[in-house]
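Written out below as C-alpha cells is the structure these notes cover.
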Amino acid sequence: MGDRHAFRARWHDYNEGIYFITICSYKKSHIFGKIENDRFYPSELGEIINEQIQLLPGFYNDVELLNYVVMPNHIHF
C-alpha cells in the first residue's frame, strides 16, 4: 500500500483515538443491498456484513463500535 500514513489527516492524533472507516465495493457495485421507496434492503452479503460488524467489539477488547451504516455500495463505521 505504500505509505499508509499518506491518507491520514495531519491535524488528527491517531494514538488511542476514534477512527472512521469507509469500505467501498469494487466499481461502486450495489452488492451490499438496494434502496427502494427510501428504505434500505440489505442483500445476503449486506446482512453478513451487518452481523460481523456488530461482533467486532467481542473479538477485540479495544474496539468500541459507536455507530455504523451499511449502504448499497459502501460501509461506514
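Exposed loop sites here mean trypsin sites (Lys or Arg not before Pro) with a DSSP loop assignment and at most 13 other beta-carbon atoms within 10 Å; the chain contains its longest site-free run at 11-77. Rounded to whole Å, the principal axis extents of the Cα atoms in the chain read 40, 30, 23, largest first. Positive-end ranking of Ser25, Leu66, Ser43 along the dipole of segment 25-77, with charges on Cβ about the Cα centre, is headed by Ser25. The residues of segment 1-64 expose on average 96 square angstrom of accessible surface per residue, using a 1.4 Å probe on protein heavy atoms. Here the chain has 53 percent of its accessible surface on carbon and sulfur atoms, given a 1.4 Å probe and all protein chains in place.
The values are calculated or read from the model by the stated rules, or taken from the named source; none is laboratory data. Keep in mind that what you see is a predicted model, and the values were worked out from it rather than measured. In this analysis, Cβ positions are derived from the backbone assuming ideal geometry, glycine residues included, and neighbour counts consider all displayed protein chains. Heads up: the accessible areas ignore ligands, DNA and RNA and are worked out on the full protein's heavy atoms, side chains in. Shrake-Rupley method; radii C 1.70, N 1.55, O 1.52, S 1.80 Å.
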